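First up is the structure itself, then whatever we jot down about it.
The values are calculated or read from the model by the stated rules, or taken from the named source; none is laboratory data. A quick note: this is a predicted structure, and the numbers were derived from the prediction, not measured. Glycine also receives a Cβ, built like all others from the backbone with ideal geometry; neighbour counts cover every protein chain displayed. Note: accessible area is taken over every heavy atom of the protein model, side chains too, but ligands, DNA and RNA are not part of it. Shrake-Rupley method; radii C 1.70, N 1.55, O 1.52, S 1.80 Å.
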Amino acid sequence: LKSSPKFKDRVNLIQIDVEQDYSVNLAAEKVVETFGKTPGALYGIVNNAGIGNSVEGLEKILNANTHGPKRICDAFIPLLDSSKGRIVNVTSASGPTFVYRCNDETKKLLTNPTITWTEIQDYMDKCVDASTNNDIISDNVSSIDSAYGLSKACTNAYTIFLARQHTNLKVNACTPGFIETDMTRPMA
């Protein structure tokens, strides 16, 4: 902002920990304080937070990569412009790659145009249980080894659900491609 002071009143930084309900709700409250509570205060939501393979396990990755976007959408959709609002969930090609390696039942579930959040949550719970017991999940994919792809596949499924629930909004998922970030730097 120092190099472009004319944007000083147009840029607001609010830090959010997408893994914490309290942090997300506090951020939404700050947006309300700044812009008002009426729908239309926001034009768009971009869910881009995420973590890769974590020594802390699948549950942490799902908490950030799948539950994080859901927390953000739950808190911020009421503030979106209902006629022009947009939601973009930044996922990864790792999601479709994960689905490709799954059995037919899991493929059908994660690509079902009528999927529900409960179905997504049940599948994630099953995977977390399997990873806790060092088991192989039913589609013969090790949930620890594929945690990132699993989380992005579930976020893609959530995007399908979200688009169906909010037909007045433009809702999509995208992948930025393989770019160098803190997460990919060891492989880039």
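Rolling a 1.4 Å sphere over the protein heavy atoms, what is the accessible area per residue of the range 22-76, to the nearest Å²?
Accessible area per residue: 53 Å².
Roll a 1.4 angstrom probe over the protein heavy atoms and tell me the percent of accessible area of the range 1-75 that is carbon or sulfur.
Roughly 50 percent, rounded to a whole number.
With each label point set 7 Å from Cα along the Cα-Cβ vector, what nm distance links ARG164 and LEU13?
Result for the modelled spin labels: 4.0 nm.
Send over the per residue convex hull volume for the range 83-136, Cα only, as a whole number of Å³.
Roughly 121 Å³ of hull volume per residue.
If LYS108, LYS70 are ordered by their accessible area, calculated over protein heavy atoms with a 1.4 Å probe, which sequence runs from highest to lowest? Before the final figure, lay out each step's value.
Working: LYS108 155, LYS70 40 Å².
Listed by decreasing accessible area, they come as LYS108, LYS70.
Can you tell me the length gained on complete extension of the stretch LYS107 to ASP129, counting 0.36 nm per residue apart and subtracting the Cα distance?
6.0 nm
In what sequence, largest accessible area first, do SER83, SER146 appear using a 1.4 Å probe?
In descending accessible area the options line up as SER83, SER146.
Under a straight-distance cross-link criterion of Cα-Cα below 27 Å, which lysines are reachable from LYS70, leaving out those fewer than 8 residues away in the same chain?
Leaving aside lysines fewer than 8 places away in the same chain, those within reach of LYS70 are LYS30, LYS37, LYS60, LYS84, LYS107, LYS108, LYS126, LYS152, LYS170.
Could you check the spin-label model distance between ASP81 and THR175? Points 7 Å from the Cα along Cα→Cβ, value in nm.
The answer from the label model is 3.1 nm.
Only helical DSSP H runs with n ≥ 4 go in: add -39500 (n - 2.57) per run for the chain, normalise by residue count and round the 222 nm mean residue ellipticity to 500 deg cm²/dmol.
-12500 deg cm²/dmol
Using 0.36 nm times the number of residues separating ASN25 and THR38, minus their current alpha carbon distance, what extension gain do you get?
Difference between extended and current length: 3.1 nm.
Given the protein chains as shown and a 1.4 Å probe, how many square angstrom of PHE35 are accessible, to the nearest 10?
110
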